[in-house]
Amino acid sequence: MPVELKMPALSPTMEEGTLAKWLVKEGDTVKSGDILAEIETDKATMEFEAVDEGTIAKILVPEGTDEVKVGAVIALIAAEGEDASAAAAASPPAPAPAPAAEAPKVPAPESGEPKQMETGARDLVASVARTEVADPEVPAGTEMVKQTVREALRDAMAEEMRTDERVFVMGEEVAEYQGAYKVTQGLLEEFGDRRVIDTPITEYGFAGLGAGAAMGGLKPVIEFMTFNFAMQAIDHVINSAAKTNYMSGGQMRCPIVFRGPNGAAARVGAQHSQNYGPWYAAVPGLIVIAPYSAADAKGLLKAAIRCEDPVVFLENELLYGHSFEVPKLDDYVLPIGKARVVREGRDVTLVSYSIGVGVALDAAERLAGEGIDAEVIDLRTLRPLDKDTVLKSLKKTNRMVCVEEGWPVCSISSELAAVAMEEGFDDLDAPVLRVTDEDVPLPYAANLEKLALVKAEDVVEAAKKVCYR
Amino acid sequence: MARAASSKGAAPRGAAKKQTPGAAPPAPNRERPPEPKRYKATRDELLDYYKQMLLIRRFEERAGQLYGLGLIGGFCHLYIGQEAVAVGLQSALEVGKDSVITGYRDHGHMLAYGIDPKVIMAELTGREAGISRGKGGSMHMFSVEHRFYGGHGIVGAQVALGTGLAFKHKYAGDGGVAMAYFGDGAANQGQVYESFNMAELWKLPIIYVIENNQYAMGTSVNRSSAEDQLYRRGESFRIPGIQVDGMDVLAVRGAANVAVDWVRSGKGPILLELKTYRYRGHSMSDPAKYRSREEVQAVRDKSDPIEHARKELEAMGATEDELKAIDQQTKQVVVEAADFAEQAPEPDASELYTDVLVGSY
Ligand SMILES: Cc1ncc(C[n+]2csc(CCOP(=O)(O)OP(=O)(O)O)c2C)c(N)n1
Ligand SMILES: [Mg+2]
């Protein structure tokens, strides 16, 4: 029996990829560790190595084929002592190239269906993909371009670096590697290694260095590879950056941006999946921003870099590759501290931020199918919190459900509930409900992860409950 | 300024007389461990190391494959290329008495401590039968029974934690030592040096092991380290350091003996820098464009620890058939582990809420 080589999944969210190049040909003998092919995903070109020994009997997917499904058989290897030509003859014929934008070009493998990882993270991404946000606030007639969140963030940094010589970017793998998640792609090339700086793995050190440089008059953008690692450095974010202006009686400023991905990614387990929004939002002296769409990511990151205060800018890895409409304007800057109504509705207000907005929008669509007209608010900034927008909506709908990809206890949702109690009590027709992740460290197992993360179904249920339906 | 200049001119207090160039280096003012010798293994011993290294290699290759099939998710860091380090070092330890701790690249260290490949693989696939009941994943595996303490995802954390394990050994007087592994990249975290200071100050029984595979993700050692001879990183804390060829299991074992003797006899910590290399990307999603294919191939061709041991075994009289049989057995063990890991059920939904706290309140 020849061994089937299958299209590998190179990340838990990858569904298909391009077979860019074969580095072996039929008849070649290979051993484990030999590089067989190069495979492109949306993020990178990866090498595909042999695990089994034998002879390449048949290449089933020619190089240059796009949209090859994960798990599809791409070649056959005849094991030692097996006749390669016989093995090839026994194989299914190579698929004829199909026209673009059609169902899979490559037949699914006969043995072992490609495994779709049914995880909570995949569901979150699906919610985002299913929904659209209303146009960002731009003058009528503005040209829009589709951009990923990743590109929007990069452009924001590049634009600010072009206009302000004091801005520099520092962090692990931000320069030569182009960013662990490719957010700083191209910055080294354009701005050089004086302004785009790879650090050793030493978060406490470079966060402090950044804060000091900001005190001295520069405008650092400090990237944490993920915010999980910022816990090494949280002392500088809070004790050094957040309190300086106050402690110095307004004399010494610390205009710095700490940015990076925050929140759960896919299957990375308990130490790599936390939402620090509520942590930082609890600290006076900090600005905390957590955008959802690419347009907001761009406009708010530009604002953050210009801001004279220390900013914690929370991105989301699962959103990086997602595209949104971004206005094509020379200088698209958004106000800090302003939430946005991303969907108007009359019956219930869903308040969220970051990837939770996708979940809320998804829930709103489902609710519409059941005759409930939900309004969705994207907070965008977590501190200072735009209470006015929330309270105004509450006045209209009289019902509120908070949606958050994060733990429930002492969360942004908890804060929103308190705001509604203190300042919107008379408008409430039902208790405010919180729909969040489960109150446990994030488990690795796919089924448990799915159970642990916030879900659109639960938002629908909560909305119905507050509408007494 | 003036003060700085004058103090610079003055001879530092207690400084030795000016040295003439070329003179013998000053005699060290404190005891140092002896220069390690390559371990003279018996045929059976070497065969045993060979089997262990091969098991790690085949296990990791299979894990990479299962990742590609979507059975393993998230971050998965393979140990391929570095096998001689864990096997050589841990062969000098006593399982269940001496503690081992490492980072997220942990599968090899577990296998080298005799932990069942099945429960490791089942953890990688996130199943109930996994060693962390599917809740930890590739980066978070533990076996208190073996005194294998993880499995940590935060770069550098295991160094302070390992120092705590050593503290426990000393506190309890149980005769055990701790071994804390960390990478060349982790060697730049501040807590490493905070730990070094305490360990030497309190003469804690710990072997610090820097697995210098020359890259931290995409950053090579010389781009991240002012002192790139990492074995010297403990010297200012008076921790002796030794550089070791981490691609030669017997050189590693030789150094392990020196380190274990030193630490067990109460002389305090020691630092080993193992020069090694990872063949694969940092994790499954790293395209590894920061190094050339030729660089990787050259190491595979010239310095592979398993090939190396195989040749040596042949020279010691191991037959082709004997080695082939080991290959077959190893493959079989790994195939069984993979099948087990694929078939084992996922954890029960109720597991979501267990193990958050020990007590109920
Ligand atoms: C505190 C912290 N910062 C960053 C990371 C992300 N990260 C994971 S592994 C790694 C590279 C570590 O390299 P090294 O210490 O050389 O170990 P190796 O991966 O080579 O075994 C980085 C930057 C992390 N997990 N923890
Ligand atoms: Mg390394």
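Quick note: the coordinates plus some simple rules give every number you see, no bench work behind them. Quantities reported herein were computed from a predicted structural model and do not represent experimental measurements. Cβ sites come from the backbone with ideal geometry, for glycine too, and all protein chains shown count toward neighbours.
Secondary-structure-derived ellipticity at 222 nm for chain B, considering helices only, amounts to -13000 deg cm²/dmol, per-run term -39500 (n - 2.57) for DSSP H runs with n ≥ 4. Just going by the charge dipole of the protein assembly as shown, with Lys and Arg at +1 and Asp and Glu at -1 on Cβ, which of A:Val24, B:Val258, A:Met144 is farthest out on the positive end? Ranked along the dipole, the leading option is B:Val258. In straight-distance terms, cross-link reach from A:Lys302 covers every one of the lysines whose alpha-carbon lies under 22 Å from its own, apart from those fewer than eight places away in the same chain; here that gives A:Lys146, A:Lys182, A:Lys219, A:Lys328, A:Lys338.
The aspartates and glutamates within cross-link reach of B:Lys97, meaning a Cα-to-Cα straight distance under 20 Å and a gap of 8 or more places when in the same chain, are B:Asp106, B:Asp116, B:Glu145, B:Asp174, B:Asp261. Shape class for the range A:195-246, computed from the alpha carbon gyration tensor (a ≥ b ≥ c): oblate, with a/c not under 1.5 and a/b at or below b/c. Helices in chain A, meaning DSSP H runs of at least 4 residues, each add -39500 (n - 2.57). Divided by all residues, the mean residue ellipticity at 222 nm is -8000 deg cm²/dmol.
Are any of the pairs A:Lys25/B:Lys324; A:Lys6/B:Lys331; A:Lys465/B:Lys135; A:Lys243/A:Lys387; A:Lys298/A:Lys465 more than 30 Å apart by Cα-Cα distance, and if so, which? Check vs 30 Å cut-off fails for A:Lys465/B:Lys135; A:Lys298/A:Lys465.
Report the net charge of residues surrounding A:Lys219, where surrounding means a beta-carbon distance below 15 angstrom and charges are Lys +1, Arg +1, Asp -1, Glu -1. For residues surrounding A:Lys219, the net value is +1. Taking packing as the residue-averaged number of other Cβ atoms within 10 angstrom, the listed peptides B:98-110, A:185-197, A:406-418 run from highest to lowest as B:98-110, A:406-418, A:185-197.
The mean number of partner chain beta-carbon atoms within 10 angstrom of a residue's beta-carbon across peptide B:188-195 is 3. Amide H contacts for A:Glu223 (H built 1.01 Å from N in the peptide plane; partners 5 or more residues away or on another chain; cut-off under 5 Å): A:Met170, A:Gly171, A:Arg259. Taking a ≥ b ≥ c as the square roots of the eigenvalues of the alpha-carbon gyration tensor, the range A:177-327 is classed rounded because a/c is under 1.5. In this structure, the amide hydrogen of B:Leu69, modeled 1.01 Å from its nitrogen in the peptide plane, lies closer than 5 angstrom to those of A:Ala9, counting only residues at least 5 positions away or on a different chain. Please work out the C-alpha center-to-center distance from the range A:15-29 to the range B:339-359 and express it in whole Å. Using only Cα atoms, the two centres lie 38 Å from each other. Inter-chain neighbour count for B:196-202: the average number of beta-carbon atoms from partner chains within 10 Å of each residue's beta-carbon is 0.
Taking amide H positions as modeled 1.01 Å from N, with prolines and chain starts lacking one, the residues under 5 Å from A:Val351 and 5 or more places away or on another chain are A:Ile377, A:Val401, A:Cys402, A:Val403. Dipole orientation for chain B: of the candidates B:Ala226, B:Thr42, B:Ser195, B:Ala226 has the Cα lying most toward the positive pole (charges on Cβ; Lys, Arg +1; Asp, Glu -1).
Between A:Val145 and A:Glu457, what FRET efficiency comes out of the Förster formula 1/(1 + (r/R0)^6) with R0 = 35 Å and r the beta carbon distance, rounded to 0.05? It comes to 0.55. Charge tally around A:Arg306: other residues with Cβ under 12 Å, Lys/Arg +1 each, Asp/Glu -1 each, net -3. Here the Karplus curve 6.51 cos²θ - 1.76 cosθ + 1.60, taken at θ = phi - 60°, turns the phi angles of the range A:434-445 into couplings of 10, 10, 9, 5, 5, 7, 9, x, 6, x, 7, 3 Hz, with x standing for Gly and Pro. About the centre of its Cα atoms, the range B:224-361 shows a dipole size close to 840 debye [charges on the beta carbon of Lys, Arg (+1) and Asp, Glu (-1) only; nearest 20 debye]. Taking the Cα centre of chain A as origin and assigning +1 to Lys and Arg Cβ atoms and -1 to Asp and Glu Cβ atoms, the resulting dipole is close to 1380 debye. FRET efficiency for the A:Asp330 to A:Arg194 pair, using the beta carbon distance and R₀ = 35 Å, is estimated at 0.85. Rounded to the nearest 0.05, what FRET efficiency do B:Arg43 and A:Ile35 have when you use their Cβ-Cβ distance and R0 = 35 Å? My answer for the efficiency is 0.50. Relative to the dominant Cα principal axis of chain A, helix A:294-306 is inclined by about 50°.
Can you give the angle from 0 to 90° between the axis of helix A:149-163 and the longest principal axis of chain A, with both taken from C-alpha atoms, to the nearest 10? Value to nearest ten degrees: 60. Taking the longest Cα principal axis of chain A as reference, the axis of helix A:456-466 is set at about 30 degrees. I need the GluC sites (Glu not before Pro) found in the range B:121-195, filtered to DSSP loop residues with at most 14 other beta carbons within 10 Å of theirs. Listed in order of number, the matching sites are B:Glu145.
Across the options A:Ala134, A:Thr244, B:Ala216, the greatest Cα extent toward the positive end of the charge dipole of the protein assembly as shown (unit charges at beta carbon of Lys, Arg, Asp, Glu) belongs to A:Thr244. Note that the range B:72-80 has calculated 3J(HN,Hα) couplings of 10, x, x, 8, 9, 10, 8, 9, 4 Hz, one per residue in order, obtained from phi through the Karplus relation 6.51 cos²θ - 1.76 cosθ + 1.60 (θ = phi - 60°); glycine and proline are x. Under 19 Å from a label point set 7 Å out along the Cα-to-Cβ vector of B:Asp116, the amide N atoms of the range B:338-361 belong to B:338-348. Here the label points at B:Arg293 and B:Glu307, each 7 Å from Cα along the C-beta direction, are separated by 1.7 nm in the simple model. Placing unit charges on the Cβ atoms only, positive for Lys and Arg and negative for Asp and Glu, gives the protein assembly as shown a dipole magnitude near 3400 debye about its Cα centre. With the cut-off at 1.5 for a/c, could you classify the range A:318-469 from its C-alpha gyration tensor as rounded, prolate or oblate? It comes out rounded by the Cα gyration axes. Spatial offset of the range A:133-197 relative to the range B:248-309 amounts to 38 Å, using the alpha carbon center of each. Note that chain B carries a Kirkwood radius of 21.7 Å, evaluated over its alpha carbons pair by pair. Add +1 for every Lys or Arg and -1 for every Asp or Glu among the other residues with Cβ under 15 Å from the Cβ of B:Asp245, and state the total. Residues near B:Asp245 contribute -3 overall.
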